[in-house]
Amino acid sequence: MQTLKLDGCSLNQQEAILELLKKNAPEVFSEDKIDVKQLRATLGDEVMADTERYGLNWAGKMDCFRTIQDTTTNTLKPARDESVNFDDTKNLFIEGDNLEVLKILQKSYYGKVKMIYIDPPYNTGNDFIYNDKFSRNKREYLEDVGAIDKEGNVVNAGLYTQNTKDSGHFHSDWLNMMYPRLFLAKNLLRQDGVIFVSIDDNEVHNLRMVMNEIFGEENFVAQFVWKSKGSGAYDTKSIKTEHEYIFVYAKNCIEAKFREMRFDVEHDHQYKFSDERLVSAGKYKRQALAMGTLTYSASLDFAVKNPDGEDVFPGGTFGKGYIWRWQQEKIDNALREGFAEWVRTNNGWSLYSKQYQYMDSEGSVVERTVQMTTIIDDVLGRNGTQDLQNLFNEKIFLYPKPTILIKKFSFLVSTGSEIVLDFFAGSGTTAHAVMQLNAEDGGNRRWICVQLPEKCKPETEAAKVGFVTIADIAKERIRRAGRKITEENPDKHIDVGFQTFKLDESNFKIWNTQIENVEQLEQQMLEMFDNVREGSTEEAMLYELILKSGKELTVAIEEKEAGGEKFFRINDGSLVICLSDHINEELFAGILAEQPKKIILLDKGFRNNDQLKTNLLLHAEGAGVDEVRVI
């Protein structure tokens, strides 16, 4: 059994990779550092050492890797009053900077997300980009997110910097923002996971190269061209721009699967014919049973008698090189059963199959599907604005993505029980789309949305009707969308709730490693006797420890009691967390009765009684507990 201190830091993927190398290739290390020459000797031709190679470089790229490797001790604190069905839902709305949040989610959601969709700033010259500085105390954080100024007044402080085109590092600043977020996002994807990223012409070329570098060029799936504007918009070149792009990359292209889309037969005007099957099968369209081919087959070149009793070959008046689509027995049966018909044309009789809206040629009910194409022209950007107006009766958010667009992507890659993540959530379109899709196909997809509490500008409609931040808009949009979906589907059980969490500093005091003298060390040791920060709630501490133990935030929590104190049984009971200030033998016996594999305790709960601690840890070892962590 291990007895460990909980360090409270987020997962450092670099450390995990180094441990893997130490285990499987210890010869590449010299004085605990990687020897590049030895690494090349071990891997042979797989290592590229040339300085001239194809790739994308920019000012600050190396800093991106340091940003990725920096861990965080911050956490996510629950906000029940801003949530819906907090104790029953599996959906998450997280308020805070997405880079910090992605780091915090690494332990709990590594390799669990099926789909990611993001609509990041496009770097048009008017966009704001994130200022990635995370070594902050709580007041500094509040200043950064625009909650307060130096005097504590509620203002929109310097969370962003505007990335204007006259900036000396216009593209570099945008890339420095995007690279770490995409890198960390990849870690969260399942092996069959897929990411969709919206972009326009400003950064499309740079984004493609960054995605190739992070996800691998071999995992590129598609580049959708979305005709988002119905009539187009004039730009400085006097050419109408009607489209933008959506990149699609897989975590592993071999394992990723894509579904065919539902085919909207009601709006396909080819379905214009009807017969006695109209009620049960709908209308039908005709498909010629004779076809030209480069691979001629004599077995499909036979005569079929037309209504005049004449033999008709597939070539008709065209001659050789034509064959029937079906074998003779199937054609005979189809004519007999009414799934094929003769039609008189100028050239005589032509034979057609009937393709019904809701029935196949065997008489079975079908759902027509079609492969999604890279041109999306059946949904417009203004549909997103209409989505919000239908909920708010106000134009409170500019250029939200249409719900139907994200619903298409969700249907394309998910079958109904996966996690969908959006860490540039905006007005909450992704959450709305996932809930709506679940209502339509009976799925139970879960969503995680992350949105910075960006202040609404005073002149906007959102600010005028009382919204303080974009995150507030998203939460209210999701609430209203959830109520509407529930009202429209009274007989279905759809999860339209969400747990709200907010990025904040740890509930526990962090050991300062920059001690300069003995007096400071002694003072810190006294302060750490009770290492819980003032104002920390039991619930906030519980969720922080759940996160830092690698459990999902929506995991089942059961409160139990023993020895006059309470503890929490997490999920299937494999983890028990006790936050009691008065740990006793009866309490610990109650914990061990749950047969946990891992226990987390507050060190202050032992009240400096080392003998009690030692005895209880021995009991845990005897009970088969794998790990006891003390914080």
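Each peptide in 339-345, 59-65, 395-401 gets a packing score, the mean of other Cβ atoms within 10 Å over its residues, and the list from highest to lowest is 395-401, 339-345, 59-65. For region 418-450, list residues with backbone N below 14 Å from a point placed 7 Å from the Cα of Lys492 toward its Cβ? The answer is 432-446. Distant-in-sequence amide contacts of Phe508, defined by a placed amide H-H separation under 5 Å and a gap of 5 or more residues or a different chain, comprise Arg533.
Taking the number of other C-beta atoms within 10 Å as the exposure measure, put Ile419, Ile494, Ile239 in order starting with the fewest.
Details: Ile419 25, Ile494 18, Ile239 9.
Least to most surrounded, the residues fall as Ile239, Ile494, Ile419.
At full extension, Tyr296 and Asn85 could sit 69.6 nm farther apart than now, given 0.36 nm per residue minus the alpha carbon distance. Straightening the chain between Asp610 and Lys597 buys 2.4 nm, computed as 0.36 nm per residue apart minus the Cα-Cα spacing.
Each label was represented as a point 7 Å from its Cα along the Cα-to-Cβ direction; for Gln371 and Ala59 these points are 4.5 nm apart.
What ranking of Tyr356, Tyr179, Tyr322 emerges when the number of other C-beta atoms within 10 Å of each C-beta is taken as an exposure proxy, fewest first?
Numbers: Tyr356 25, Tyr179 22, Tyr322 17.
With the sparsest Cβ surroundings first, the list reads Tyr322, Tyr179, Tyr356.
For region 518-630, what does the alpha-carbon gyration tensor say about shape, rounded, prolate or oblate, given a ≥ b ≥ c as the root eigenvalues, a/c under 1.5 as rounded, and a/b over b/c as prolate? Since a/c reaches 1.5 but b/c is at least a/b, the shape of region 518-630 is classed as oblate.
Once you have the Kirkwood Rh of region 299-374 from its Cα pairs, apply Stokes-Einstein at 4 °C and 1.567 mPa s and quote D in µm²/s. For these conditions, the coefficient is 92 µm²/s. Computed from label points 7 Å out along Cα-Cβ, the spacing between Asn390 and Gln328 is 5.5 nm. Here the spin labels are modelled as points 7 Å beyond Cα on the Cα-Cβ line, and at Lys457 and Ala288 they lie 5.7 nm apart.
Laboratory data are not the source of any read-out in this text; all were calculated from the coordinates shown. Model, not experiment: these values are computed from the prediction. Note: ideal-geometry Cβ built from the backbone for every residue, glycine included; neighbour counts use all protein chains shown.
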